[in-house]
Amino acid sequence: MTNRFRMIIAGGKTGGHLFPGIAVAQALQRREPAVRILFVGTATPFETKTLSAYGFDHTAIFSRPLKGRSLFQKLAGTAAILVSLVQSLWIVWRFKPDFVLGVGGYSSFAVVLAAWILRIPTAIQEQNAFPGITNRMLARLSTVIFTAFDTTRGFSENPKTQVTGNPVREQGPVVQTQETGVADIASTDFVLLVTGGSQGASSINRAVMDMAARMTDLKDLFILFQTGIGHDTDVRETLQSLGIRTRVQPFFPDMPALMERSDLVICRAGAGTLSELAVKGVPAILVPYPHAADDHQTHNAESVAGHGAALVVADRELSGNGLYQMVMGLKSDPSQLKRMAEAMAKLAKPDAADRIAAHILQAKES
């Protein structure tokens with residue numbers, strides 16, 4: 001490839017959208033080291049700090065959710081689209097990408113639309129079993145649709161769809177050097193990883209702290225706990241007061257590595273998290289986020305649980321006692337944990353990022 005390939009990856013804000021984009025960018029760099037990649041998304045601290053840690057260029061556009069409950073919200077959303085479209089047209093025209101990939105989130109809409117207007121090849125990557133409104137709208141404009149599930153609603157029969165699985169990121173050089181406390185874990189420990197996603201989940205935090213009060217006699221228990229920003233101090237003090245061995249942080253940048261050390265995970269059912277669990281072959285207790293758009297996390301969780309890889313509990317039914325019963329039941333039955341782990345591993349598509357990267361690079365050669 002003689003000309004330097006240029007790529008825009010649009011979308012982000014949450015880890016569920018951002019991390020698949022990072023995984024594709026890493027795969028592109030492996031295949032074409034001279035590739036130039038620009039992420040276009042929001043100005044949220046999580047997005048900007050994460051991309052900086054991974055060494056990727058980033059620019060933000062003005063954007064807001066496409067959905068709106070009131071007439072004013074809908075009008076404001078429409079105005080935001082017009083502003084972000086003008087910004088996106090300018091960014092795309094100046095950067096001159098060979099390809100634009102939308103990874104979901106409302107900030108991806110205007111960028112992919114701008115690329116379509118300028119006749120630049122585009123694709124979208126849908127992480128969930130039930131697509132978000134942004135990707136449902138962009139599906140008509142995109143050259144190809146990459147999906148994680150072969151039963152993705154509305155896309156499974158579309159001839160443009162390629163079922164690749166969700167791209168799973170590698171650890172970056174900055175992430176690998178960060179202290180996580182895993183050195184304190186003994187080989188005989190039962191390691192429980194708790195995460196409510198990149199932004200945390202207060203309902204999971206509360207239920208796990210309540211559960212932990214029933215586990216003070218378990219000397220082989222170690223809890224890795226991602227709490228979300230602003231909640232780590234309370235969780236840490238509570239668990240330490242109970243004598244629970246733990247490592248608590250607002251955000252773990254090396255989540256895939258921690259999954260690999262875990263026997264069981266309590267988490268939301270975001271598609272990115274589920275894909276990383278599958279690649280690592282780790283069983284889970286899934287608590288779908290109840291306010292996710294179109295309840296897509298419940299669809300994700302049911303798909304995984306249907307293969308015997310996870311247990312599912314609704315957020316409204318989540319309690320410390322209920323979690324205690326589920327965790328202790330699995331901890332005392334290693335054979336069931338093993339079956340769940342094997343079922344989870346069968347769902348993995350570890351080559352997803354490479355398959356998407358290969359398709360993207362073909363656009364330059366064709």
State whether the residues of the range 199-210 include one that is within 27 Å of THR50 (Cβ to Cβ), modelled with pLDDT of 95 or more, surrounded by 15 or more Cβ atoms within 10 Å (Cβ to Cβ) and touching a strand residue (DSSP E or B) at 6+ places or on another chain (Cβ under 6 Å).
-> yes
Could you please give the count of residues in the range 96-128 that are outside any helix (DSSP H, G or I), under 21 Å from HIS17 (Cα atoms) and more than 24 Å from the chain's Cα centre (by Cα)?
-> 2
Positions within the range 133-148 being part of a loop (DSSP other than H, G, I, E, B) and crowded, with 24+ Cβ neighbours inside 10 Å, in sequence order = ALA148
Do the conditions hold for ASP294, that is, is it assigned to a helix (DSSP H, G or I), surrounded by fewer than 19 Cβ atoms within 10 Å (Cβ to Cβ) and not assigned by TED's automatic domain parsing to the domain that holds ASP217?
-> no
Could you please find all residues in the range 297-314 being without any contact (Cβ under 8 Å) to a residue 24 or more places away in the chain and either in contact with a strand residue (DSSP E or B) (Cβ under 6 Å, 6 or more places away or on another chain) or crowded, with 17+ Cβ neighbours inside 10 Å (or both)?
-> ALA305
Taking the range 14-35, which residues are more than 13 Å from VAL168 (Cβ to Cβ), polar (S, T, N, Q) and part of a helix (DSSP H, G or I)?
-> GLN29
Answer yes or no: is there a residue in the range 72-80 that is in contact with a helix residue (DSSP H, G or I) (Cβ under 6 Å, 6 or more places away or on another chain) and either small (Gly, Ala, Ser) or crowded, with 18+ Cβ neighbours inside 10 Å (or both).
-> no
Listed residues GLU260, GLU317; which is within 30 Å of GLN29 (Cα to Cα), free of Cβ contacts under 8 Å to residues at least 60 places away in the same chain and either in the same structural domain as SER198 (by TED's automatic domain parsing) or buried (at least 22 other Cβ atoms within 10 Å of the Cβ) (or both)?
-> GLU260
Within the range 312-365, track down each residue that is out of contact with any helix residue (DSSP H, G or I) (no Cβ under 7 Å at 6 or more places or on another chain), at pLDDT 95 or above and not in a helix (DSSP H, G or I).
-> ALA314, SER332, ASP333
Quick check, is TRP93 touching a Leu at 6+ places or on another chain (Cβ under 8 Å), in a helix (DSSP H, G or I), exposed (fewer than 15 other Cβ atoms within 10 Å of the Cβ) and free of Cβ contacts under 8 Å to residues at least 40 places away in the same chain?
-> yes
Scanning the range 113-140 residue by residue, those closer than 19 Å to ALA43 by Cβ and modelled with pLDDT of 95 or more turn out to be ALA114
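The values are calculated or read from the model by the stated rules, or taken from the named source; none is laboratory data. It should be emphasised that the depicted structure is a prediction, and the values quoted were computed from it without experimental measurement. Don't worry about glycine lacking a Cβ; one is built from the backbone with ideal geometry, like all the others, and counts go over all protein chains shown.
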